[in-house]
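The values are calculated or read from the model by the stated rules, or taken from the named source; none is laboratory data. What you see is a predicted model, and the numbers here were worked out from it, not measured in a lab. FYI the Cβ positions are ideal-geometry reconstructions off the backbone, even for glycines, and counts take in every protein chain you see.
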Amino acid sequence: MIHDVIVIGGSYAGMAASLQLLRARRSVLVIDAGQRRNRTASHSHGFLGQDGVDPAVIAHDARCQLEAYPTLTWVEGKAASVTGERDTFVVEAVGNQTYRSRRILFATGVTDHLPEIDGLAERWGKSVFHCPYCHGYELDQGRIGVIASGPMSTHQAELLAEWGTVTFFTNGVLPLAPAAQQALEQKGVTIEDTAIRALTGEVGVQLADGRTLSFAGLFVAPTVTPSTTLPAKLGCTIAEGPMGQMIAVDGAKETTVRGVYACGDVAQMPHSLSFAVGDGAMAGLQLHRSLVWPDMHG
């Protein structure tokens, strides 16, 4: 069987794209390894109609709704290779299962690369966050720590001053230019240059000089890369963005390889569940149009 579209990655963006295609009565095969980026978070915020809901519940309900459509095939697993060209793609999954399709959609999400600070990874998504719009309100205007990871961190600290009293930890990563320091100070941000030894307790920052500072929540801007190398191996251009790497796409969500599309966190910034769903819906619409009008370009 040749599917109309194989979607690699069945989280929010992939499912949103699939829904548009299924409602157009197109044959969709989703290959998903079950590794949602927000799997460590217990609540999702800022998504209209689902504010405060467990993101696992949102994902589960969405999949149940997709499975009501008879043209869906869902494969729990991981894609191992993608070969071919538009209308004749071949996807091999781990376990040597082979599938064919006219179009490919990468909705694989990204991998977060966090600063190497003892205790940070264990708290990621629980008391250490990256998006103030997703997690800032619940901190109740308390003390917020921002850990520098790169040039974008100063902007993150300035923005978070809207949600509480901010301490910015340069942590030896980001020497501040006078203009950047002045901008932070104008927002009431306290600058802490002492190196971080570890994160302790629920939201504690232990410094190299022995002090431990407590916060309502911590934020850090991770560097991201696509969660799979398959797009690059297929020839898709990987672009550098302000937070890391992403798959380059045009206005129709098509990559630099004809017939291959990408959406969600792996293809656009900034990142949130709302943005992923919207981007996925647009990708599904554009994929359907490419099947109806094969000569259409984005």
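Within segment 21-75, the set of residues being at pLDDT 95 or above, over 21 Å from Val292 (Cα atoms), part of a helix (DSSP H, G or I) and touching a strand residue (DSSP E or B) at 6+ places or on another chain (Cβ under 6 Å) comprises Leu66 only.
Summed over segment 198-248, residues that are under 30 Å from Leu105 (Cα atoms) and of a type outside the set (A, V, I, L, M, F, W, C) total 16.
All but one of (1) without any contact (Cβ under 8 Å) to a residue 60 or more places away in the chain; (2) assigned to a loop (DSSP other than H, G, I, E, B) hold for Arg86; state the number of the condition that does not hold. If we test Arg86 against (1) without any contact (Cβ under 8 Å) to a residue 60 or more places away in the chain; (2) assigned to a loop (DSSP other than H, G, I, E, B), just (1) comes out false.
Identification of strands (runs of 3 or more DSSP E) wholly contained in segment 215-298 with 3 or more residues that are over 29 Å from Ala62 (Cα atoms) yields 217-220, 238-241. If you go through segment 126-145 and keep only what is over 18 Å from Val224 (Cα atoms) and not in a helix (DSSP H, G or I), you end up with Lys126, Ser127, Gly136, Asp140, Gln141, Gly142, Arg143, Ile144, Gly145. Could you check segment 1-40 and list, in sequence order, the residues that are under 16 Å from Val110 (Cα atoms), surrounded by fewer than 24 Cβ atoms within 10 Å (Cβ to Cβ) and touching a Gly at 6+ places or on another chain (Cβ under 6 Å)? Matches in segment 1-40: Asp32, Arg37, Thr40.
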